Amino acid sequence: MEKAGVSTLYSLVIMGGSAGSLEVILKTVSALKTTIGFSLVIVLHRKKTSDTLLSGLLSTKTNLPVREIEDKEILEPGTIYIAPPDYHLLFEDDGTMSLDYSEKVNYSRPGIDVSFESASEVYKEKLITVLLSGSNSDGADGFKIVKRGGGTTIAQEPATASFPFMPQQAIDYSSPDFILTPDELVEYLNRF
Amino acid sequence: MISDEHIEILLEDLLTIYGYDFHYYSKASLRRRITRLYTLDKFMGFTEFRHRLRSDKNYLQRFIEEITVNVTEMFRDPGFYKTLREQVIPILATKPFIRIWHAGCSSGEEVYSMAILLKEANLLQKSLLYATDINPGVLETARKGIFPLSNMKQYSENYIASGGTKDFSSYYTCMYDRCLFKEDISTKMIFSTHNLTSDASFNEFDLILCRNVLIYFDKELQDRVLTLFDSSLGVLSYLALGSKETLKFSSVQNKYKQLDKDKIWRKLV
């Protein structure tokens, strides 16, 4: 299989969240510098019907461009992308994204594990994954794969999460590289 | 585990032995589906996996079924069907004869949905619904018109949300846990295998629906398939894609105008 030179890809940050994560996402996005050099992809468990509400809401919090992902959209730095509800989100070697309507994983579509694993194949050490509040165990397996691929794993400090189960699962099973509060997360991301 | 080199070997085998060309499928999707199948079927190593695929025709069928995604539902994205009902079908009604192609129809749920729309508009009698898929197994399900009872509640809700006003259960009869759609719904359907990667156009259509199929292809193949559709559509005919698919990155986009925000385009030239 042909490999696009990984060096041509920009760094990628994926934030995965479920119940109670919206608040942290809004907070993080509104505090991000507009000079960030990475693409930020948000993979959030949510209802099918909430389609464009989230991108509208995020747009009010930041001057960075916010896009609801369509199939084969190209990742650009300094841009925020939102995974559409009811599709899995996959990453291609050429820096585009593909959508996938296959079976739910961990009762979820989009699946956070699915995106973490797919992105790790392509982005390797250029990938930073963040797991936020939630009451589902999605993301923990993905963390293991991201770590093996050389990427960075960050769990939200469970004490700061409305639903601590999801980041706690990841901490227990996949020992992430960092455990950060929302403030620390902003500080961390703004260094890139 | 399965590496990219392994996938490349399997794709070559599929092409040279069976004539199936998966080279232009989304790499990200192939990685995921092939790794999943390898794990699911508990192979001891890649060599065993490859040998099975090369030597066992029945396993080829399973491979195709598992690598291609066959998740679908009736009246999927009800808002889309509402637009078809209100904006597209009244235009089709003016034609003496209506030809529709469901490309990549999987187990046929959307073909039955379409037939119901046409029947409710009193147009089914002068329509033909061609429904094709690469996978003969799912076409068999589609041809039978038998779907699980457990899905009917969701389908009924979708039907109502699409603007349907009849009793949805009047379209099928149930026995045990399965429901058979009545023959007057399926009578105008023609099912056939067709491979979008290699087969040519076979007719001219008034409406082509290809929903959540292109997402599994790479950009190059997407463009080829859209060109195939373009050559199968008359001027002022319609093309419908999945809710997150777009003509935006394709070479045919300038010939089409999108209806509002739904994924339905009308061919202008």
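Scanning the range B:191-228 for residues that are out of contact with any helix residue (DSSP H, G or I) (no Cβ under 6 Å at 6 or more places or on another chain) and either assigned to a helix (DSSP H, G or I) or closer than 24 Å to B:Lys244 by Cα (or both) yields a total of 22.
Criterion applied to A:Ser115, A:Ser133 was being out of contact with any Pro (no Cβ under 9 Å at 6 or more places or on another chain) and either closer than 28 Å to A:Ala159 by Cα or not charged (D, E, K, R) (or both), and the one residue passing it is A:Ser115.
Filtering the range A:103-117 to residues that are of a type in the set (Gly, Ala, Ser) and within 12 Å of chain B (Cβ to nearest Cβ) leaves A:Gly111, A:Ser115. Residue-level analysis places B:Lys267 among those that are among the charged types (D, E, K, R) and either under 19 Å from A:Glu68 (Cβ atoms) or in contact with a helix residue (DSSP H, G or I) (Cβ under 7 Å, 6 or more places away or on another chain) (or both). Report whether or not A:Ser120 is crowded, with 24+ Cβ neighbours inside 10 Å, within 12 Å of chain B (Cβ to nearest Cβ) and under 15 Å from the mean Cα position of the chain (by Cα). Yes; evaluated as a whole, the condition is true for this residue.
Checking the structure you have, find out if any residue of the range B:18-37 is more than 9 Å from chain A (Cβ to nearest Cβ) and farther than 30 Å from A:Gly95 by Cβ. Checked the range B:18-37: at least one residue is more than 9 Å from chain A (Cβ to nearest Cβ) and farther than 30 Å from A:Gly95 by Cβ.
Filtering the range A:24-78 to residues that are closer than 22 Å to B:Ser26 by Cβ and either charged (D, E, K, R) or surrounded by fewer than 21 Cβ atoms within 10 Å (Cβ to Cβ) (or both) leaves A:Arg67, A:Glu68, A:Glu70, A:Asp71, A:Lys72, A:Glu73, A:Ile74, A:Glu76. Tallying residues that are in contact (Cβ under 8 Å) with a residue 40 or more places away in the chain, buried (at least 21 other Cβ atoms within 10 Å of the Cβ) and more than 12 Å from every other protein chain (Cβ to nearest Cβ) within the range B:226-253 yields 3. Only one of the numbered conditions (1) within 14 Å of another protein chain (Cβ to nearest Cβ); (2) out of contact with any helix residue (DSSP H, G or I) (no Cβ under 7 Å at 6 or more places or on another chain) is violated by A:Leu53, and that is (1).
No other residue among A:Gly56, A:Gly78, A:Gly20 is among the small types (Gly, Ala, Ser), out of contact with any Phe, Trp or Tyr (no Cβ under 6 Å at 6 or more places or on another chain) and assigned to a loop (DSSP other than H, G, I, E, B) apart from A:Gly78.
Read the figures in this text as sums done on the coordinates, not as results from a lab. Every value quoted in this text rests on a predicted model; they were computed, and no experiment measured them. No Cβ is skipped: glycine too gets one built from the backbone with ideal geometry, and neighbour counts run over all protein chains shown.
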